[in-house]
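To start, the structure under review is shown below, and the notes come after it.
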Amino acid sequence: MSLFMDLNLPFTADKKRLKTLLETAAHLGFSTVAINYVHQAQSKGKKEIPKPTPLDQLVDELPIVQGKSRPIKVLNRLTILVSDSNHYRTNAAEYKAYDILAVHPTTEKLFHAACMTFDVDIICITMTERLPFFFKRASINAARERGLMFEVCYAAAIRDSTMRRYTLTNGLALVERNNGKNVIISSGTDKALELRGPYDVANLAQLFGMSEVEAKDGVSSNCRSVLLHAETRKTACGIIYTVKTPKDTQPEETDTDTVSMVTDEPPSAKKQKTSAETDTDTVSMVTDEPPPAKRQKTSAS
């Protein structure tokens, strides 16, 4: 059974609204959601990147996912609105506090830079107005080779007929250039009434020109690829992963366990074997005869 995800639930300081949003998402069948913190950098002066609010301060208890016996998984996502090349800082320490990193370029030059060089997980496109540029296949193919995903949000299509036209137009343009690959479908809403179930979202995605399989991947497997890409981004392309471990307070027990794993014998068996060999050597020293000779002498008598 597929695990459905919605990786764009905008952060709101209203805890009651956020709780209702999570409960609705869990009731609709989403196993994983991401709370999206939007950061709009300023050209003059530095604006600090917000830190994610701990989950226990937002909700007391996570709701149970519909049809499953486990609570919904909540992640933290940071989306950077990029209107200048200096707004995105490579390997900034503030990015490490988030599970997912996304950028929203506003110009063709920045969109090309995001596809080619930015170390992010998701590239967002504008859905509420006409795009100021056209998608180029070279940039999109480069992003696909790097494992990046493009996000299409559907909430604007529910609010207004004009926004619906822009949403369909921009979504069609992206899917046409991208051949329906590497696209995730998110809600992008902080209102529970605008959330739709995963199968409804998949049906809506077919209006963008996606096939039935591609539309379902947009709310399931492609979202999972985003999480895997985010993990590899933090772990040197998935080759190195560092974990802090407590200091070893019992080195003797650890050494014993290591020896047991190498010899395929439990420590107690090895001790018994050693004591038996010691007894045999002692008998040989007292009788001045090897153990087999002593047995022959006894049987002859």
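The values are calculated or read from the model by the stated rules, or taken from the named source; none is laboratory data. Bear in mind the structure is a predicted one, so any value in this text is a computation, not a measurement. All Cβ positions, glycine included, derive from the backbone under ideal geometry; neighbour counts span all protein chains shown. Side chains are part of the model used for accessible areas, which takes the heavy atoms of the whole protein and leaves out ligands, DNA and RNA. Shrake-Rupley method; radii C 1.70, N 1.55, O 1.52, S 1.80 Å.
Quick check on LYS270: is it part of a loop (DSSP other than H, G, I, E, B) and modelled with pLDDT under 90?
When the stated conditions are applied, LYS270 does not pass them.
Select from region 89-106 the residues that are part of a loop (DSSP other than H, G, I, E, B) and open to solvent by 20 Å² or more (accessible area, probe 1.4 Å) and write down the one among them that is farthest from LEU174 (Cα to Cα).
ASN91
Residues that are open to solvent by less than 10 Å² (accessible area, probe 1.4 Å), free of Cβ contacts under 8 Å to residues at least 60 places away in the same chain, more than 20 Å from VAL183 (Cα to Cα) and not in a strand (DSSP E or B): does region 19-36 have at least one?
yes
Can you name the residue in region 107-156 that is of a type in the set (Asp, Glu), touching a residue at least 40 places away in the same chain (Cβ under 8 Å) and part of a loop (DSSP other than H, G, I, E, B) and is also most open to solvent (accessible area, probe 1.4 Å) among such residues?
ASP119
Do we have LEU55 as over 13 Å from VAL120 (Cβ atoms) and either surrounded by 18 or more Cβ atoms within 10 Å (Cβ to Cβ) or modelled with pLDDT of 95 or more (or both) here?
no
Among LEU22, LEU7, LEU75, LEU81, which is over 19 Å from the mean Cα position of the chain (by Cα) and either among the hydroxyl-bearing types (Ser, Thr, Tyr) or modelled with pLDDT of 90 or more (or both)?
After ruling out the rest, the residue left standing is LEU81.
So the check is Cβ under 9 Å with 6+ separation or different chains; which pairs have a first residue in region 216-231 that's in contact (Cβ under 8 Å) with a residue 24 or more places away in the chain and a second one that's open to solvent by 30 Å² or more (accessible area, probe 1.4 Å) and among the aromatic types (Phe, Trp, Tyr)?
Going by the 9 Å Cβ cut-off, the qualifying pairs are LYS216/TYR199; VAL219/TYR199.
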